[in-house]
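Written below as structure tokens is the structure these notes are about.
The values are calculated or read from the model by the stated rules, or taken from the named source; none is laboratory data. The structure presented is a predicted model; accordingly, all values stated were derived computationally and were not measured. Here the Cβ positions follow ideal geometry from the backbone for every residue, glycine too, while neighbour counts run over all protein chains shown. Each accessible area value is taken on the protein alone, full model and side chains, heavy atoms only, with ligands, DNA and RNA left out. Shrake-Rupley method; radii C 1.70, N 1.55, O 1.52, S 1.80 Å.
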Amino acid sequence: AKIYKAVGATNPQTYAANVTVYLKLNNAGATSQSFTIPASGAVGFTFSAECSGATLGGWINVRLEVDGAIVTPYDDGYAFCSGGHSWNGNSFTAVKNLPAGTHTVRLKATGIATTMRIDDQLLTIFD
């Protein structure tokens with residue numbers, strides 16, 4: 001497999017409950033990442049991070065967007081981790097068919113009924 005882009009952040013991100021944000025993808029604070037693929041085809045995305053939420057019964061929802069469109073099957077987001085627990089190391093993978101060229105990826109997160117903290121994260125884009 002060819003890795004088109006790998007971007008990570010080690011600075012913790014903490015947000016209030018019921019707030020939707022685009023996650024910072026690197027320590028400089030960029031909330032989007034461009035990548036170029038040479039030919040049309042399936043592109044994989046893996047996101048991993050340490051995650052915690054303060055409130056039992058809440059969860060942290062993460063959605064992957066490419067070129068402004070949500071990547072299925074996570075239309076309503078992915079319950080990345082649940083609240084009321086200590087740190088979790090979690091990940092998910094999604095695949096999207098894309099045409100050749102330059103694309104932009106972003107991760108949108110919401111703490112559903114819980115505060116959220118994301119730390120030590122990595123987004124990898126590959127074929």
Is the range 17-29 home to any residue that is small (Gly, Ala, Ser) and at pLDDT 95 or above?
-> yes
Right, Ala109: of a type outside the set (Asp, Glu), surrounded by 13 or more Cβ atoms within 10 Å (Cβ to Cβ), touching a residue at least 24 places away in the same chain (Cβ under 8 Å) and farther than 20 Å from Asp127 by Cβ or not?
-> yes
Identify the residue in the range 112-127 that is touching a strand residue (DSSP E or B) at 6+ places or on another chain (Cβ under 6 Å) and over 25 Å from Phe35 (Cα atoms) and, among all such residues, is most open to solvent (accessible area, probe 1.4 Å).
-> Arg117
Within the range 34-49, the residues that are crowded, with 16+ Cβ neighbours inside 10 Å and either more than 11 Å from the chain's Cα centre (by Cα) or more than 19 Å from Phe80 (Cβ to Cβ) (or both) are Phe35, Ile37, Val43
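Would you mind stating whether Phe92 is buried (at least 20 other Cβ atoms within 10 Å of the Cβ) and within 16 Å of the chain's Cα centre (by Cα)? Let's see the steps before the verdict.
Details: buried (at least 20 other Cβ atoms within 10 Å of the Cβ): no; within 16 Å of the chain's Cα centre (by Cα): yes.
It is false that Phe92 is buried (at least 20 other Cβ atoms within 10 Å of the Cβ) and within 16 Å of the chain's Cα centre (by Cα).
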Across (1) on the phi < 0 side of the Ramachandran plot; (2) open to solvent by less than 70 Å² (accessible area, probe 1.4 Å); (3) modelled with pLDDT of 95 or more, Arg63 clears everything bar (3)
Of the residues in the range 68-89, how many are under 16 Å from Ser32 (Cβ atoms) and surrounded by 14 or more Cβ atoms within 10 Å (Cβ to Cβ)?
-> 2
